[in-house]
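Note sheet for the following structure.
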Amino acid sequence: MFGCSATTQKAKSVEKVGELAIRADMITGRARPPGVPASSPASPQVLILAFDGVNRDLLYDMLRAGQLPNLATLLGGDQLAHAHLDDRFLANLPSTTMPAWTSIMTGKGAGETGVPNNEFFIRETKTLACPAPVSFVDAVPTLEIYTDGYLDKLIAVPTLYEKIHEQDPAALVWVVMNHVFRGVDRMFLTKRSVMLRAFEGEIERQVEKHLTSKESRKLYEGMDRSAIDNLVSHLKTGAVPDVLTLYLSGTDLYAHVAQEGPDQARRTYLAEVVDPALAPLVSRMRERKMLDDRWVIVTSDHGHTPILHDDAHALGTTDGDAPGILRRTGFHVRPFERHVAASDPFNAVIAYGGAMAFVYLADRSKCPGLGACAWSDPPRYREDVLAAAEGFWRNNTDGSLAPHMKGTLDLVLVRKPRPVVEVDAPFEVYVGDGRTQPIDDYLKEHPHPTYIDAAKRFEELAVGVHGERAGDILLLAHNGDRENIEQRYYFAAPYHSWHGSPSKRDSEIPLIVANPRHDAAKINAWVTPILGDRPYQRKITDLVLGLRAHPPL
């Protein structure tokens, strides 16, 4: 159901991946100020363990059952007596990788960071930003995160690392493989050959779908093990980092494609790959006295929801899906490619993200015939936004415009457009015939027991100086609201698992804060006021800065 030439796209993507040379296993970041010490060992020391795609309950259950002994050691040992396991922490909306890690590493919501999704449209430049493409197959943008700082350049606010260096210019900050690393001293990568094999294998899997789960897992195992080995090697001598972030992606990447389902896949991957791979890191950190009084923070970006791997449940990019609804409502949809011709007369853009899709619209009255739309002005509310919303809403009932999309949508969300430079309005639920209703009010009348704190999290996505990057219309598929896997749909190519919804399964993520010299109750008392009444993942930045400036006594 995805409209592209698979063989051609694979050939182009593999060729481009091979051209993007990763020159070394380490990237040198900021230039350290002259005269400052090599590190800041008297300051509070922090280790951030960033596991992609791991649910809170799954990780906590495994820890408490003693199934992750090396991770438990990093958390102070002693049967987790020195670790606070928070039970309120929540992901962003959409609960997807790029906006999540951006918020975690900046302390801001997507409306301020300017990164609302794995792919999104930037109106003022007419470009599709796609650090992790979903609606088309291309590994090059994701690889450019590491070769060219692609995601860092999209982030409109200071990073955690830049803020740390404002507090303490001497702080030595290392990051391993995380997508956000602007402001660090060093960024460590997995081996070049391993990374290229993983990216090429993912292209092959998406296009030809002939890799088995076992073959896919080997690709991701290699990425994670190599990244940890590289870190351990660089910790052998020299100053140790005051702040260290270790990011492991295999839990998420494998969960997406594992035929046994995401829960079993992640449990086996954590127990058989991640925890054993942490053993040499534990040993090296003990050897270098890095665990004596180091704060350890464990978190993730989102959870996972099982889905059916077929075209019937994957909402694609052909006329039988969402693009067809827009076309039959009078819009010209931007091709599903990273770059399109400047002369292309598109006046609508769709960006995909699992449980959600973002729809961007131009003011059609200002598009000169078949000429390119300027996109400098917002669309008209009634003639453009509501016209498109009505098409999606009515088709969801009768399938008259795109039969494959009938009954697949849970919510169609709209808002009154504002100029790019203004703070944007929140979304409301479209209920037909030009009428809308605030999200909270709608959910009170139509309870969604699986959704958690949806209205407030949609607000952080949409409201801000860059809130327009979340689109003029949001489509939320029936996914996290359905217990029956046969009734779950998603905006992506066929997978075995996805995420992005407001559901507990996608949204409840771990937050563990540990220190061997403090007990769990004391840490809890310190953490809770910082999280406040919106315990969202962006609070990681506040926690780290708080630990660095005023740790518990």
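What's the local net charge at R482, with K and R +1, D and E -1, over the other residues with C-beta under 11 Å away?
After counting each charged neighbour, the total is -2.
Which whole-Hz couplings ³J(HN,Hα) result when phi for each residue of the stretch 271-281 is put into the Karplus expression 6.51 cos²θ - 1.76 cosθ + 1.60, θ = phi - 60°, listed in order with x for Gly and Pro?
After applying 6.51 cos²θ - 1.76 cosθ + 1.60, I find 6, 9, 10, 5, 5, x, 5, 6, 4, x, 5 Hz.
Tell me, how many Å apart are the Cα centres for the stretch 127-155 and for the stretch 528-553?
Here the two parts' Cα centres lie 29 Å apart.
Before rounding to the nearest 500, sum -39500 (n - 2.57) across all DSSP H runs of length at least 4 in the chain and divide by the residue total; then give [θ] at 222 nm in deg cm²/dmol.
My calculation for the chain gives -10000 deg cm²/dmol from helical runs alone.
How would the stretch 382-521 be classified by its alpha-carbon gyration tensor: rounded, prolate or oblate, with rounded meaning a/c under 1.5 and the a/b versus b/c comparison settling the rest?
Verdict is oblate for the stretch 382-521.
Pop out the ³J(HN,Hα) list for the stretch 529-540 in order, Karplus 6.51 cos²θ - 1.76 cosθ + 1.60 with θ = phi - 60°, rounded to Hz; leave Gly and Pro as x.
Taking θ as phi minus 60°, the curve returns x, 5, 5, x, 8, 10, x, 8, 5, 4, 6, 4 Hz for the stretch 529-540.
Measuring with a 1.4 Å probe in the full set of protein chains, what accessible area per residue, in whole Å², belongs to the chain?
36
Angle check, please: helix 6-19 long axis (alpha carbons) against the longest principal axis of the chain (alpha carbons), in degrees 0 to 90, nearest 10.
Between the helix axis and the principal axis of the chain, the angle is about 40 degrees.
For the stretch 273-399, which whole percent of the accessible surface, found with a 1.4 angstrom probe, sits on carbon and sulfur atoms?
Ligands and nucleic acids excluded, carbon and sulfur give 51 percent.
Given H placed on each backbone N at 1.01 Å, which residues far from F491 in sequence or on other chains put an amide H within less than 5 Å of it?
Residues meeting the amide H criterion: L315, G353, G354, A355, M356.
What residues have an amide H closer than 5 Å to that of S497, excluding those fewer than 5 places away on the same chain, when H is modeled at 1.01 Å from N in the peptide plane?
HN-HN under 5 Å from S497: I307.
In whole Å, what is the distance between the alpha-carbon centres of the stretch 311-335 and the stretch 100-114?
30
Suppose accessible area is computed on protein heavy atoms with a 1.4 Å probe; arrange T127, T28 from highest to lowest.
In descending accessible area the options line up as T28, T127.
Report, in listed order, any pair from K191/K218; K456/K522; K108/K456; K444/K539; K456/K504; K108/K163 with a Cα-Cα distance greater than 21 Å.
Too far apart for the 21 Å limit: K456/K522; K444/K539.
Kindly write out, for the stretch 152-160 in residue order, the coupling ³J(HN,Hα) from the Karplus curve 6.51 cos²θ - 1.76 cosθ + 1.60 (θ = phi - 60°), rounded to whole Hz, with x marking Gly and Pro.
Result, rounded to whole Hz: 3, 6, 7, 7, 8, 10, x, 7, 3.
Where does the charge balance sit around V274 when Lys and Arg score +1, Asp and Glu -1, over other residues with C-beta under 13 Å from its C-beta?
Overall, the nearby charge balance is -2.
The values are calculated or read from the model by the stated rules, or taken from the named source; none is laboratory data. Given the structure is predicted, the values throughout are model-derived calculations rather than measurements. All Cβ positions, glycine included, derive from the backbone under ideal geometry; neighbour counts span all protein chains shown. Note: areas computed on protein heavy atoms with side chains; ligands, DNA, RNA excluded. Shrake-Rupley method; radii C 1.70, N 1.55, O 1.52, S 1.80 Å.
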